[in-house]
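Each remark here refers to the structure printed beneath this line.
All of the numbers you see were taken from the coordinates with simple rules; none came from a lab. Please read all numbers here as calculations on a predicted model, not as lab measurements. Here the Cβ positions follow ideal geometry from the backbone for every residue, glycine too, while neighbour counts run over all protein chains shown.
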Amino acid sequence: MAKRKPKLTPTTAMKEFRKRARSILWRQDGQEKKTYKRFEELVTSFTQGGMTPDQAIVQAAKDFDCLKRLFREYDVSDYDPHPGSHPDTPRPPEEKDVPTVRCENKELSYRENLGWALTAAGEYLRKATTPKVCPNDQAYYLYIQAIEQPKDFMQRLGQVEAKSDSIQEEQRLARKSSKLTIEEIDEMLTMLEAD
């Protein structure tokens, strides 16, 4: 039995919609790129008219039949400035039984939250399953970031790991330094006792 594709957040859905729309239009007319250029002109016109870039992309995409299927695949309704403007524009099927994630409100360190988010995101990518419980809201936020903005998440993780590694190195050097100091004191005491 095939697993159902997890529901995308509006930000991720819009990102995928934008990428796929441009890719489809780019391949339409060979070298001329007339369809792609017309789409970009519409987007520019809509943004100059006061729409956000994402709203302009959604509104412009409604005029291209080759992009209709994207409206079924990605729920970009949050970015649709005029939902009734093109009644023939398909909508994604309604999701039933959208699971909610229960928050345990546990106090964890930032590093522990990152660890939980990394593990949950890995499971999401490997098994297409979402967590049923999260330790706290910060961990859940990091989990969403790990899925939607993996580069930013990995940068945060790298910073925390680097900081942790430098702290551990400082502790090791301090232990080594104190050990040398103790040995020096023992040596001095031995010399004093010999006198």
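What does the charge count near Phe39 come to, summing +1 for each Lys or Arg and -1 for each Asp or Glu among other residues with Cβ under 13 Å from its Cβ? Walk me through the numbers on the way to the answer.
Details: positive: Arg18, Arg20, Arg22, Arg27, Lys33, Lys34, Lys37, Arg38, Lys62; negative: Asp29, Glu40, Glu41, Asp63, Asp65.
That works out to +4.
Rounded to the nearest 0.05, what FRET efficiency do Thr9 and Lys34 give with R0 = 35 Å and r taken as the Cβ-Cβ distance? Could you check? Please report the intermediate quantities before stating the final value.
Numbers: r = 34 Å, r/R0 = 0.97.
Working from the Cβ atoms, E equals 0.55.
Quickly work out the Thr181-to-Glu193 label distance, labels modelled 7 Å from Cα along the C-beta direction, and quote it in nm with one decimal.
Between Glu193 and Thr181, the simple spin-label model gives 2.2 nm.
Quick one: which of Lys106/Lys163; Lys106/Lys151; Lys15/Lys106; Lys19/Lys68; Lys37/Lys62 span more than 21 angstrom between C-alpha atoms?
Details: Lys106/Lys163 24 Å; Lys106/Lys151 27 Å; Lys15/Lys106 32 Å; Lys19/Lys68 14 Å; Lys37/Lys62 15 Å.
Violating the 21 Å limit, Cα to Cα: Lys106/Lys163; Lys106/Lys151; Lys15/Lys106.
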